[in-house]
Every structure is written in C-alpha cells, then in structure tokens.
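**Q** The structure follows.
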Amino acid sequence: MKNDSSIRRITISGIVIAIYVVIMYFTQGFAFGQYQIRIATSLYALTSIYPFLILPMGLSNLISNTIMGGLGPFDMIGGALVGVVTASVVYFIKKLKLNDWFMIIPIIFIPGLVVPIWLSYLTHIPYKALALSLCIGQIIPAIFGVILVKQLKNSVIK
C-alpha cells in the first residue's frame, strides 16, 4: 500500500471516520456508560495496515465526543489525543513486527488509564474505579480490532 495516492488516503480516511462516528452513534448506549464499551475504538487497529489513519482516529474521537455529548473541551480534546496516541502505538507495534495480538495492549490500556485522568475530575468518581471499568470496557473492542486486522490481512491485502 506504499503507492496510495493522496486522494485514496483521504477517501479511506473519510470512510473510516464516518464508520467510527456511525458505530459510536449506534452504540452510544453502552459506549458512554460505566464500562464504556466503545466498539468503534477497535478501528484503531487499522493503523497497523494504514498508518495514515493515525490522525483520522483522533479526529473520529473528537467528532463523536462533540456530537454525542462529551463532557466538554477536556473530554473532546483529550479523547482526540488519546485516539492519536493509541493509534500511533498500534502502528509502532506493527513497525516492530510484533504479533498482532500485542495491539490489544494499547487499545485497552491507553484509553483505559489516560481517559480517567480528566474523567475522574469531571465526574467526581475515583480514578482507580474509572480506570478499572474503562480497561474492562476496552477488552472487547481490542480483541475485535485484532480480529478485524487479521481478517483484512487474509482477505484484502495479498
């Protein structure tokens, strides 16, 4: 995929952003709950195949937190930064040629441990309780993200 044109990258980025926001919309009932099972964050794993999606992952998070009731600027901007950092670490894992299953680590722990820093302040819930519940909530999206990448590698990228 090294010969992707700018138009192709922009198109793929737009589609992925749209998919992220749509998934967030339809799963917001549990994506913003106590465990925050954000199925859309499984898309962070795509940066192992398409590294140009790193910034769009942050933008996706920003858009969804803005549209669907994020907790203000800290949550919107913080979520965007967490998206970029998580997607970057996923790409770094790929660059190190580690097993795809290592991608679950940043997808679970970066949002799970960083987001509660401001969320605990905004919600007045202790950091440890939030961190535990967010990490638990990220397990399903992390596993789904690895499965998604494995399926794409097996069927599309040959």
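**Q** Given the criteria under 23 Å from F52 (Cβ atoms), part of a helix (DSSP H, G or I), free of Cβ contacts under 8 Å to residues at least 40 places away in the same chain and not charged (D, E, K, R), does V82 qualify?
**A** So V82 fits the description; yes.
**Q** Identify the residue in the stretch 109-137 that is touching a residue at least 12 places away in the same chain (Cβ under 8 Å), touching a Phe, Trp or Tyr at 6+ places or on another chain (Cβ under 6 Å) and not aromatic (F, W, Y) and, among all such residues, is nearest to M76 (Cα to Cα).
**A** P116
**Q** Restricting attention to the stretch 130-158, which residues are surrounded by 15 or more Cβ atoms within 10 Å (Cβ to Cβ) and of a type in the set (S, T, N, Q)?
**A** S133, Q138 - these are the residues of the stretch 130-158 that are surrounded by 15 or more Cβ atoms within 10 Å (Cβ to Cβ) and of a type in the set (S, T, N, Q).
**Q** Do we have any residue at all in the stretch 121-129 that's closer than 28 Å to T11 by Cα and either out of contact with any strand residue (DSSP E or B) (no Cβ under 6 Å at 6 or more places or on another chain) or open to solvent by less than 40 Å² (accessible area, probe 1.4 Å) (or both)? Talk me through it step by step, then tell me what you get.
**A** Quick first cut of the stretch 121-129, residues closer than 28 Å to T11 by Cα only: none.
No, the stretch 121-129 has no match at all.
**Q** Of the residues in the stretch 85-101, how many are in a helix (DSSP H, G or I) and either surrounded by fewer than 17 Cβ atoms within 10 Å (Cβ to Cβ) or at positive phi (or both)?
**A** Here is the first cut: in the stretch 85-101, the ones in a helix (DSSP H, G or I) are 85-95, 100-101.
Okay, now just the ones that are also either surrounded by fewer than 17 Cβ atoms within 10 Å (Cβ to Cβ) or at positive phi (or both), so 92, 95, 101.
Residues flagged as in a helix (DSSP H, G or I) and either surrounded by fewer than 17 Cβ atoms within 10 Å (Cβ to Cβ) or at positive phi (or both) within the stretch 85-101 amount to 3.
**Q** Among the residues of the stretch 35-59, write down those that are out of contact with any Ser or Thr (no Cβ under 6 Å at 6 or more places or on another chain) and either in a loop (DSSP other than H, G, I, E, B) or over 16 Å from F144 (Cβ atoms) (or both).
**A** So in the stretch 35-59, the residues out of contact with any Ser or Thr (no Cβ under 6 Å at 6 or more places or on another chain) come out as 36-38, 40-43, 45-52, 55, 57-59.
Across the stretch 35-59, the qualifying residues are Q36, I37, R38, I49, Y50, P51, F52, L55, G58, L59.
**Q** Given the conditions (1) part of a helix (DSSP H, G or I); (2) modelled with pLDDT under 95, report the number of the one that G69 does not fulfil.
**A** With respect to (1) part of a helix (DSSP H, G or I); (2) modelled with pLDDT under 95, G69 is out only on (1).
**Q** Could you list, in sequence order, all residues of the stretch 7-34 that are surrounded by fewer than 17 Cβ atoms within 10 Å (Cβ to Cβ) and either part of a loop (DSSP other than H, G, I, E, B) or at pLDDT below 90 (or both)?
**A** Passing the criteria: Q28, G29, F30, G33, Q34.
**Q** Still on this structure, please answer the following. Show the residue pairs that are 6+ apart or on different chains and have beta-carbon atoms under 8 Å apart, the first residue being within the stretch 138-149 and closer than 11 Å to W101 by Cα, the second being among the acidic types (D, E).
**A** Partner pairs satisfying both residue conditions: V146/D100; V149/D100.
**Q** Continuing with this model, one more query. Between a residue in the stretch 45-60 that is surrounded by fewer than 24 Cβ atoms within 10 Å (Cβ to Cβ) and at pLDDT 95 or above and any residue that is of a type in the set (D, E, K, R) and not in a helix (DSSP H, G or I), which pairs come within a Cβ distance under 8 Å, given they are 6 or more apart or on different chains?
**A** Every condition considered, the pairs that remain are F52/D4.
The values are calculated or read from the model by the stated rules, or taken from the named source; none is laboratory data. What you see is a predicted model, and the numbers here were worked out from it, not measured in a lab. Glycine gets a Cβ as well: all are built from the backbone with ideal geometry, and neighbour counts include every protein chain shown. Note: areas computed on protein heavy atoms with side chains; ligands, DNA, RNA excluded. Shrake-Rupley method; radii C 1.70, N 1.55, O 1.52, S 1.80 Å.
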